[in-house]
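Structure first, then comments.
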Amino acid sequence: MNKKSLSLIIVVVCVALVFGSFLTIYKCQEAKNRKTYTITWVNYDGEVILTEQVEAGTKPVFSGDNPLKPADSFYTYSFSGWLPSIAPASANTTYVAQFEQYMSQLAVQYSHESGFFSQEFELTLSSAKNTKIYYTLDSSTPDANSILYTGPIKIKDNSSNPNVYASKTDISAIDVFTPTNPVDKCVIVKAVGIDNDGNKSQVACKSFFVGYNDKEAYDNLPIVSLVVNPDDLFSYENGIYVTGKTYDEQPHEGYPETYPANYQNKGKEWERKAEFTYFEKDKEFSFTQTIGVRIHGGWSRAFNQKSFNLYARKEYSGTKTFAKPFFDTQKLQTCMLRSGGYRDTFATKARDSLNHTFSKGESFSVQDSFPCVLFLNGEYWGMYLLQERFTENYVEEHYGVDKDNVIIVEKDVIDEGLESDIVFYEELIEFFKNNVFNTDQAYEQAKNVIDVEEFAAYMATELYIGNIDWPVNNVRMWRARTNTGRPYEDGKWHFMMYDTDDSSGMVSNKCSFDSDPFENKNHWKDGPLDTDCILGLMLVKLLDNQQFKRLFIETFTRIGAENFSPQKVNAYLDATTAQVSKQMVLFYSRFVGENPSYYNEQYYFSKVAVIREFFEKRYSYAMTYLNNHVGL
């Protein structure tokens, strides 16, 4: 290199350093110059709930549980919003909680409970003297402008009526399939009592299914009726199920599945009130509960059949738990109606549930689930999996760790816990980056940071099933913030398996039975031996230790031979297909296509056969790849 070139490089570097310093100073000054305002949230009685600083021009969002107002001898109360209306911060502002009041004695009584009926019948409604009853049949909230009740309402099978919500075409930025044939339906009757002084009751809601005796697709499956004010689902401004205003106002970049849309919005601001009614497999009524719902998922949010997160909250029903726990928990506070993932939604809806079922004996966290059928606002909405969610409450229920002491990290971001908890995750990364573990002493140190047996089982399972949307995506781990010495409050990181739908043959050129799960090319992003991701970093570093290497090989071998043996998998799939094959055909006609000569049981069985073949042939290939990359 000549002196002139060297001088030029020095000048360029100096200019870059000076510009970088100036940019840093500018950004710091810019941050100092940002105007913030004090936002105060106050309950009805003047109690200050929260005070926070909000940047000028930013719309405040109340992040806590909505405030409550206790019932008195005449009224119950329901939170209805804030006064003044929330607007972008332009001054110090106090927002006061507002409540709707409902007179208990005006409650509407129904002659029939929600249920399944073989014949049509007449439903009578009643309330207190001098009370008018108004009702709706379209899932909207009744008021004094709704239908006035003057006599019995005939409840009959309305499945032949034209589709209303199933015909919506503004629910996705990708292809929208709307059925031309009428879908199955139930009758939703919402009613309110209003007296001469304008006092009103709480809105009551019931779901009636008539003429389902001969509809085999629903046999041996629980039924969920979810009723949401139609505007809360489908309105342009506030509907959580549509492309809506968000789609029109924000730029479209990347993949259509990720385009901004109302259904992509997250957080409490995009939670809506709903009536959740559950029927057992034998169609016996179980319970109705007012809950909160949000759209759930990643790319699958763009699908016609979207997943829902479900929340039990005091503000809706006076309790934080569901009336029925559903899973192996005492107090279920949240769960989800899961459509089946990005790809398996329209294939079998079985992969994720299968993977979790056969991993229940392992020490890492799994999600229990079971199939059910959803009716949304009285219209058939297909088969879903009612599934557990990974939250601080899940950890408390399953491991006995106080939920306020739980940290959950998802893809390098705090999912549950405090923002400052990220330091624990950063320490984990630095620990593995800066250490080698080829000695017993170093390995013992690693065992104090993560549960190594759990880690080995978690990694082996994900690799054996061939999950290609991992280990960069779909990564969750948790630990207790404070080490108390109690079980699981030991400062160790633990692992959570979820969203395993892109596995076991779902994508033929990446996760077929003969695909090598250790290779980067067989993952959407980095593979499990790539140290750029935290799981790859930990696995590569720990495999330098002979104890862990032996543990990993033994665990991988056991999981392949026992957990996912062809005999177990085939028995599981036999039971699953017997339960849901007819329902899956009905689902195809609702969301995929109405050609019965193609979308039939044979089509469904052909999709299931891919899973069968995967596990029938997987073991020998998996052991070969284990030997090639790890060594036996």
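Numbers below:
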item: Among the listed pairs LYS132/LYS190; LYS69/LYS129; LYS168/LYS283; LYS447/LYS525, those beyond 19 Å (Cα-Cα); result: LYS69/LYS129; LYS168/LYS283; LYS447/LYS525
item: By accessible area with a 1.4 Å probe, ligands and nucleic acids excluded, highest first: order of THR461, THR319; result: THR319, THR461
item: Estimated FRET transfer efficiency when R0 is 51 angstrom, pair ASP214-GLU453 (beta carbons, to 0.05); result: 0.45
item: Stretchable slack from VAL96 to GLN53, in nm (0.36 nm times residue separation minus alpha-carbon distance); result: 13.8 nm
item: Packing-based ranking, highest mean first, of 554-563, 150-159 given that Cβ atoms within 10 Å are counted; result: 554-563, 150-159
item: Neighbour net charge for PHE552 - beta-carbon separation under 13 angstrom, K R +1, D E -1; result: -1
item: Given charges at beta-carbon only (K, R positive; D, E negative), |dipole| of the chain in Debye; result: 660
item: Residues of the chain: accessible area per residue with a 1.4 Å probe, Å²; result: 45
item: Cα-centred dipole magnitude for the range 479-610, charges only on beta-carbon of K, R (+1) and D, E (-1), debye, nearest 20; result: 360
item: Answer label for Rg and Dmax of the Cα atoms in Å (calculated), chosen among [x] 27.8, 102; [y] 23.9, 74; [z] 53.1, 173; result: [x]
item: Solvent-accessible area of HIS296 with every protein chain in place, 1.4 Å probe, in Å² to the nearest 10; result: 40
item: Extension gain (nm, one decimal) between ILE414 and HIS112, 0.36 nm per residue minus Cα-Cα; result: 104.0 nm
item: Potential lengthening between LYS156 and LYS268 on full extension [0.36 nm per residue; Cα-Cα distance subtracted]; result: 36.6 nm
item: Percent accessible area from carbon and sulfur atoms, the chain, protein chains only, probe 1.4 Å; result: 48
item: Label-reachable residues, the range 412-440, where backbone N falls under 14 Å from a point 7 Å from GLN547's Cα toward its Cβ; result: 437-440
item: Bridge type composition, the range 36-144 - antiparallel percent by DSSP, nearest 5; result: 80
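The values are calculated or read from the model by the stated rules, or taken from the named source; none is laboratory data. Predicted model only: the values in this text are computed from it and were never measured. Ideal geometry is used to build each Cβ from the backbone, glycine not excepted, and the neighbour counts take in all protein chains shown. Areas reflect the complete protein model, heavy atoms only, side chains present, ligands, DNA and RNA absent. Shrake-Rupley method; radii C 1.70, N 1.55, O 1.52, S 1.80 Å.
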